[in-house]
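Presented below is the structure to which this report refers.
Readers should treat all values here as calculations from the given coordinates under stated rules, not as data from a laboratory. A quick note: this is a predicted structure, and the numbers were derived from the prediction, not measured. No Cβ is skipped: glycine too gets one built from the backbone with ideal geometry, and neighbour counts run over all protein chains shown.
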Amino acid sequence: MLKHSTPLLIKLLLIQILLVGCTSPPSTEQPLTATSSPTPEPAGNVSFMIFGDPAELQAYQNLVKAFEAKYPDQKIDLIHIPDQADYRQRLAADFAAGTPADVVLINYRRFSAFADKGALEPLGPYLEKSTLIQADDFYPEALAAFQWGRHGLMCIPQNVSSLVVYYNKNLFQATGVTYPQAEWTWDDFLSAAQALTQDQDGDGRFDQHGLGVEPTLQRVAPFIWQNGGDVVRIERSVWTRELALDEPPALEAIQWFIDLQVKHHVVPNAVEAEAENYESRFLNGRVAMYLNSRRGVPTYRTITKFDWDVVPLPHKRWRHSSVLHADGYCLPSLSPRKAAAWKFIEYANSVEGQTLVALSGRTVPSLKAVAVSPAFLDPAAKPLNSRVFLDTIPNLRRLPRLVHWSEIEDIAGDELERAFYGQANLAEVIKAAGLRTEEYFP
Amino acid sequence: MAVPHGAKRWPALTHPQALGLMLLPYLLGLAGFIFVPAGLMLGLAFTQYDGLSLPHWIGLQNFTLLFADLRFWAALKNSIFFTVLAVPLRSLGALALALFLNQPRRGAGFYRAAIYLPTVIPDIAYALIWLWVFNPLYGPLNVLLINLGLPAPAWFVDPSTAKPALIVMSLFQIGEGFVILLAGLQTISREVLESAIVDGATRRQLVWHVILPLLRPWLVLLTIRDVILSLQNTFTPAWVMTGGGPYYATLFLIQLAYEEAFDGFRFGQGAAILLIILGVAAGLVVSLRLLTQRWSNQSDE
């Protein structure tokens, strides 16, 4: 009995798995159904997947609640993945399984991996037809980050954030160091960090560090740009791109960045970082300055032990470059509820929607009107100096949007980390980063 | 509540048929969750497949790409290092504890439960506990070492101590092997042991010449199972505690497969790594068989 039935069952299972596993690539030809949908969409809730700390989650919960109150016939299922790396993998698994959420938040450095395979619905035509939001309402820097070749705009950016310096005002006061000013230089930055790095109990180990910054390509990039270097160059002989970290201006900037730890010890070393990470040290008042984007604000607003504020990155010879941080609302082409999903994306990026998320502190709103409103600039809500983020916008530069950029960033980060903690010399890691990332460049 | 037609609708099954029927759900699960995916994996290993478009055949390219990646060689070495070191230690540990706690003694029940307990703690929680234990500055282990005047290793920061730390934590999750060997010891009949004692066997001779040979099938089974599991179970602790660092010192093949597939959209390469894991497991199991066969030949002499 078994002999006869199992092969058939295996065949059936095989067929089913093949059908599920190898869903054919979605056609980009299909007509847009933004405003006039000829066929009714399947019933069911629109799912919306996000990442972030509990404080960030709260912001999106408020957004969903407001949307559902405004459109009682629409329901949103919020899917929350706390960690950003896990989020990336969840996205990949969901897309591969053919069941992505109807609306997903994706960083501009990552959407190209999905866009390249036709997995995202171009949103330009939707935006054109929208009566609620217009392209002109957004900061062009934010929209430009989500342009993808001939497909145009792929996602609607929620924010136009950047890397800034968060600082603990109480530690500056206690040490007698004046608060950092907007026009401070690399040298000012280093001397402040040095003054704030202290061994208070005299046990030979620093209890307080001046600075916390993760040794990643994304963090070091603005310093490379400020020093006149670049992250990626085009190899003109074969017209392919490659890492440009081995050029003197880039090398000099990276050496300066690494020296913050290796030479000046103003950043906790590898053992200290393993014992407690930089952000946690900042939250506990053990690191005086911490480099992060706007994303940290909802969590930092829970700090009660000390006062804090933000200041732009220090500059080198009046070059003020910072690095763009932006996430967009993207609509997977596999979503069966595109019209309903767009309705939510549209609302989330209307003045009303962006105001709600901006109030939590999570975003530097991509809508100009919201960015200059009290929702973002309210002097009663920390940080006092939120305008720093808006002043930085003209100086923002983007990291490349390549299909395999995540891997390039990961490998470069693994190599930089070795040099940052003094486990390898700079020349060695730059060479390794160049060689190891070659295969991921188009 | 007699059902008159019952007998007609349900003809009496022969014994093998009944067994087959009862096995059916299991076999279906085995087919659906093991054999079919394994077959697909085998095929995928020779294709380029990003999960979004259709896979296409690229022959051995996945393997040549892997062999050019320093992460692959690091992961291969790490996986073999971990398995070759952790499996014997775990098996010996389980055996020693089983021998020790086999005889009824005061508190044996408590100790048995205590030994089994770490095995039932969910892997993530277990990893987080050890992450705290191994914290280089605030962890109880290093605080203890420093107070004893001993050097305090940096554990997961230092490539030379990161893998040993993972092995150490794996040594406490031997509850299953312990229970199996305990059961194995119970099968050894009293008469055999008593007659050996009557013949004047010392305690050591008893263990070495009577108990161990009788326990051999159990030990072999346990070790083979542990080899296979060790190649897979390194995923959770490494993922949670080190992410594969420092500089790939705790990157294992299984994590590399996961990263290639789900971080890099290279499901073909992920499948290729899984195939290599299968090869490594097969290689280790075969060498283990050869080793134990020699042992059985020797003990027969």
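What whole number of Å gives the distance from the Cα centroid of the range A:335-390 to the Cα centroid of the range A:120-176?
Centre-to-centre distance over Cα atoms comes out at 10 Å.
Over 19 Å, how big is the tail of the calculated P(r) for the range B:158-299, in percent of all Cα pairs?
Every Cα pair in the range B:158-299 considered, those over 19 Å come to 65 percent.
Suppose R0 equals 35 Å. What FRET efficiency, 1/(1 + (r/R0)^6) with r the Cβ-Cβ distance, do A:Tyr179 and B:Trp132 give to the nearest 0.05?
Here the calculated transfer efficiency is 0.45.
Counting only DSSP beta bridges with both residues in chain A, what percent are antiparallel, rounded to the nearest 5?
Given both bridge residues lie in chain A, the antiparallel proportion sits at roughly 65 percent.
Mean Kyte-Doolittle of at least -0.5 and a Cα length of 18 Å or more along the axis: which whole DSSP H helices of chain A meet both?
Those that clear 18 Å and a mean of -0.5 are A:2-21, A:54-70, A:248-262.
Ignore the peptide's own chain and count Cβ atoms of other chains within 10 Å of each Cβ in B:45-57; give me the average, rounded.
4
What is the range B:59-300 by shape, rounded, prolate or oblate, if you read a ≥ b ≥ c off the alpha carbon gyration tensor as root eigenvalues and call it rounded for a/c under 1.5, prolate for a/b larger than b/c, and oblate otherwise?
oblate
Kindly work out what percent of the DSSP beta bridges joining two residues of the protein assembly as shown are antiparallel, to the nearest 5.
Antiparallel bridges make up about 65 percent of those DSSP assigns within the protein assembly as shown.
Just rank A:Val213, A:Val323, B:Val192, B:Val240, fewest to most, by other beta-carbon atoms within 10 angstrom.
B:Val192, B:Val240, A:Val213, A:Val323
Under 10 Å, Cα contacts only: if you run a Gaussian network model on chain A, which one of A:Thr355, A:Thr363, A:Thr299 comes out with the highest mean-square fluctuation?
Of the options given, A:Thr299 has the highest mean-square fluctuation.
Work from the charge dipole of the range A:235-306 (Cβ charges, +1 for Lys and Arg, -1 for Asp and Glu, about the Cα centre) and give the residue of A:Ile303, A:Trp239, A:Ala275 farthest towards its positive end.
Projecting each Cα onto the dipole axis, the largest value belongs to A:Ile303.
Quick check on the protein assembly as shown: take the gyration tensor over C-alpha atoms, sort the square-rooted eigenvalues as a ≥ b ≥ c, and tell me if it's rounded (a/c under 1.5), prolate or oblate.
Verdict is oblate for the protein assembly as shown.
With chain B treated as a Gaussian network of Cα nodes joined by springs under 10 Å, which of B:Asn62, B:Asn135, B:Asn147 yields the largest mean-square fluctuation?
B:Asn147
Gaussian network model of chain A, Cα springs within a sub-10 Å range: biggest mean-square fluctuation belongs to which of A:Asp201, A:Asp414, A:Asp77?
Most flexible of the set in this elastic network: A:Asp201.
Take B:His15 and A:Arg233, extend 7 Å from each Cα along the Cα→Cβ direction, and tell me the distance between the two endpoints in nm.
In this crude label model, B:His15 to A:Arg233 measures out at 8.1 nm.
Contact order normalised by length for chain B, with contacts defined as Cα pairs under 8 Å and 6 or more residues apart; what percent is it?
Rounded, it is 28 percent for chain B.
Using bins 20 angstrom wide from zero, how does P(r) for chain A break down, in % of all Cα pairs?
24, 53, 21, 3, 0
If you place +1 on the Cβ of every Lys and Arg, -1 on the Cβ of every Asp and Glu, and leave all else neutral, what size is the dipole of the range B:59-300 about its Cα centre, to the nearest 20 Debye?
480 debye
Any idea how far the Cα center of the range B:179-204 sits from the one of the range A:233-249, in Å?
Rounded to whole Å, the Cα centres lie 72 Å apart.
Calculate the spin-label point distance for B:Ala201 paired with A:Gln84, positioning each point 7 Å from the Cα along the beta-carbon direction, and give it in nanometres.
6.4 nm
Check cross-link reach from B:Lys163 to the lysines: straight Cα distance under 24 Å, and skip same-chain residues fewer than eight apart.
Output for B:Lys163: B:Lys77.
For chain A, what does -39500 (n - 2.57) per DSSP helix run (n ≥ 4), summed and divided by total residues, give at 222 nm, in deg cm²/dmol to the nearest 500?
-12500 deg cm²/dmol
Can you give me the distance in nm between label points at B:Phe67 and B:Tyr111, each placed 7 Å from the Cα along the Cα-to-Cβ direction?
5.2 nm
So which lysines pass the test for A:Lys70, namely a Cα distance under 30 Å, with those fewer than 8 places away in the same chain ruled out?
Excluding near neighbours in sequence, the set is A:Lys129, A:Lys338, A:Lys343, A:Lys368, A:Lys382.
Whole-Hz ³J(HN,Hα) for each residue in the range A:384-390, computed from phi via Karplus 6.51 cos²θ - 1.76 cosθ + 1.60 with θ = phi - 60°, x for glycine and proline: what do you get?
So the Karplus estimates, Gly and Pro as x, are 4, 9, 4, 4, 3, 5, 6 Hz.
Arrange the following residues from fewest to most other Cβ atoms within 10 Å of their Cβ: A:Thr392, B:Thr47, B:Thr202.
Lowest to highest Cβ neighbour count: B:Thr202, B:Thr47, A:Thr392.
For the range A:277-317 and the range B:72-141, what is the separation of their C-alpha centers, rounded to whole Å?
The range A:277-317 and the range B:72-141 have Cα centres spaced 39 Å from each other.
For B:Glu191 and B:Met22, what does the FRET efficiency come to when R0 = 35 Å and r is the distance between their Cβ atoms, rounded to the nearest 0.05?
So, using R0 = 35 Å, E works out to roughly 0.45.
Label point 7 Å out from A:Asp77 along Cα-to-Cβ: which residues of the range A:37-68 have amide N under 15 Å?
Counting backbone N atoms under 15 Å from the label point, the list is A:42-50.
What is the magnitude of the charge dipole of the protein assembly as shown about its Cα centre, with +1 placed on the Cβ of each Lys and Arg, -1 on the Cβ of each Asp and Glu, and no other charges, expressed in debye to the nearest 20?
Dipole size: approximately 1820 debye.
Only counting other Cβ atoms within 10 Å, I'd like A:Leu127, B:Leu30, B:Leu219 sorted with the fewest neighbours first.
B:Leu30, B:Leu219, A:Leu127
Name the residue from B:Ile146, B:Leu256, B:Ser287 whose Cα lies farthest towards the positive end of the charge dipole of chain B, charges +1 on Cβ of Lys and Arg and -1 on Cβ of Asp and Glu.
Positive-end residue among those listed: B:Ser287.
By its C-alpha gyration tensor, with a ≥ b ≥ c as the square roots of the eigenvalues, how is the range A:227-359 shaped: rounded for a/c under 1.5, else prolate for a/b larger than b/c, else oblate?
oblate
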